Amino acid sequence: MLIKNCTGYELEKEKPNTSEDFFNRSEVTFVEDGEERTFHLLYIRYFDERLSEFTPYNSDPVFTIGEKDIHFKDIVGLICLLKKPQYLSRKRVYINNINEFVEYFKDVQFEKLPEIFQSIEYNEGYKVDSTLLFS
């Protein structure tokens, strides 16, 4: 798998009576078997406020690559995809349970994340030979 891009963003209300402003979306664009796809992870924004409870990060942005700040919402989709390779065949996943969310972050080798984002930024992608290397 070649990871081409990881990005996250806060959803905004489209209509006054909707709840989009309570959610974040994290997207990972990757190439698998010659096909480019994008994985979308939707999760409750409140989880960002608790990041120091299940990651080594104390604040957002979590790290910087060159001049680019990497935020927690940028890494969430990537971590979920690496921890659960079954998601490679899915387009969208929604997580609204904090216990389920925290499970994805157990035993993650967080020190490898800057390397991934640096390769994406400067080498136009990061090749993942095995997701086992990240957990």
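Key figures
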| quantity | calculated |
| --- | --- |
| Percent carbon-and-sulfur accessible area, the chain, ignoring ligands, DNA and RNA, probe 1.4 Å | 44 |
| Cleavage-rule hits (trypsin sites (Lys or Arg not before Pro)) in segment 1-102: DSSP loop, at most 10 neighbouring Cβ within 10 angstrom | 91 |
| Cα Rg over Rh - the chain, Kirkwood | 0.95 |
| Cα-based reach from residue 73 at 12 Å (exclusive), listing aspartates and glutamates while leaving out same-chain residues under 8 positions away | 10, 27, 48, 49, 60 |
| Mean separation of Cα contacts under 8 Å (6+ apart) over length of the chain, as relative contact order % | 28 |
| Accessible surface, per residue, of segment 64-132 when the full set of protein chains is kept, probe 1.4 Å, Å² | 56 |
| Principal-axis tilt of helix 72-83 within the chain, Cα atoms, nearest 10 degrees | 60 |
| Probe 1.4 Å, all protein chains present, accessible-area order of 49, 10, 32, largest first | 49, 10, 32 |
| DSSP beta bridges in the chain [antiparallel fraction, %, rounded to 5] | 85 |
| Angle between the chain longest axis and helix 113-123 axis [Cα atoms, degrees, rounded to 10] | 70 |
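The values are calculated or read from the model by the stated rules, or taken from the named source; none is laboratory data. The shown structure was predicted, so the numbers you read here are calculated from the model rather than taken from an experiment. Glycine also receives a Cβ, built like all others from the backbone with ideal geometry; neighbour counts cover every protein chain displayed. What goes into the accessible areas is simple: the full protein's heavy atoms, side chains included, and nothing from ligands, DNA or RNA. Shrake-Rupley method; radii C 1.70, N 1.55, O 1.52, S 1.80 Å.
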